[in-house]
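Novice: I'd like to ask you about the structure that follows.
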């Protein structure tokens, strides 16, 4: 995003006596002009700070246009509901009164209001946040705002609220930037062929093909570019919600430590931790002003007890 130079305040010379007049009135006018210049510069700085990282991501991929958003979100809702039903049958879905479920939903309530500038459709989404009783170190957000955390990521990594917000912001960013829709569009273009791509928006048999692809949503792998973009958007969301974006650094340090024992599922779909930490550190100066200005969460939660898995 380009920045415009502040408008310099200038005062014309008074040549009544053949030279500039430095009368008291003229000095006051000059001083007022300098104040105005400083005010414009300050406002420009505040505006740049409010932009956060919105200028650090590119345009939405053209491949997203090959698949209707409504169809992808409907498929995600169906897959998410099926997953919850299966978890419930296996008694692997944490109840809404579980402390960690309340924690996740509280953090989500602070993040969600800041999602709309990244995707206008987010205002229509029926956001859901659930916790699965699984030892996996993983979390995801499906299209339409369907979020799930696995108990293992909270328990094994002993995440702080700021670190939870970093993960939630990152995963929500995948949905906001429609990375799943983009990947499905690319797959459709490859499988169906350029000659039939134009018929995608007409649905029909091709639309049925896309609906069947909804089953990929739980196992979808994003590109390195997608993951980097999700980091950027996630930092912005967390900072605006009042959670320290620097927590992304400690989060990935914990991830790297966990991967030395056995690479968690969360790591298998993300770029190298060292690269991640470096990139997050480079972006921090742009989001720290957002964090400084944001209202801070009045409630703080502890991670699950490290000694045992919570019930």
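The numbers here are math on the coordinates, done by the rules we state, and not lab data. All values derive from a computational prediction rather than experimental measurement. Using ideal geometry, Cβ is built from the backbone for each residue, glycine included, and neighbour counts are taken over all protein chains shown.
Novice: Please quote Rg/Rh for the range 60-147 to two decimal places, taking the Kirkwood radius as Rh and restricting both calculations to Cα atoms.
Specialist: Values: Rg = 14.4 Å, Rh = 14.4 Å.
Result for the range 60-147 is an Rg/Rh of 1.00.
Novice: Okay, which of the range 69-107 sit inside 20 Å, backbone N to the point 7 Å along the Cα-Cβ direction of residue 116?
Specialist: The answer is 70, 106-107, whose backbone nitrogens lie closer than 20 Å to the label point.
Novice: If I model a spin label at residue 306 and residue 158 as a point 7 Å from the Cα along the Cα→Cβ vector, what separation in nanometres do I get?
Specialist: Taking the two extended label points, one gets 0.2 nm.
Novice: Moving on. How far apart, in nanometres, would the label points at residue 123 and residue 51 be if each is projected 7 angstrom from Cα along the Cα-to-Cβ direction?
Specialist: Spacing of the two 7 Å Cα→Cβ label points: 2.3 nm.
Novice: Quick one: 160, 223, fewest Cβ neighbours within 10 Å first, how do they rank? Write down the numbers at each step before the final one.
Specialist: On the way: 160 19, 223 13.
If I rank by nearby Cβ atoms, fewest first, I get 223, 160.
Novice: Here's something else I'd like to know. Taking the Cβ of each residue in 97, 231, 274 as the centre, tally the other Cβ atoms inside 10 Å and list the residues starting with the fewest.
Specialist: On the way: 97 7, 231 23, 274 10.
The order, fewest Cβ neighbours first, is 97, 274, 231.
Novice: If neighbour count is taken as other Cβ atoms inside 10 Å, put 149, 291 in order from fewest to most. Could you put the intermediate results ahead of the total?
Specialist: Values: 149 27, 291 21.
So the ranking, lowest neighbour count to highest, is 291, 149.
Novice: Multiply the residue separation of residue 82 and residue 296 by 0.36 nm, subtract the distance between their alpha-carbon atoms, and state the gained length in nm to one decimal. Walk me through the numbers on the way to the answer.
Specialist: On the way: separation 214, 0.36 × 214 = 77.04 nm, distance 3.57 nm.
My answer for the length gained is 73.5 nm.
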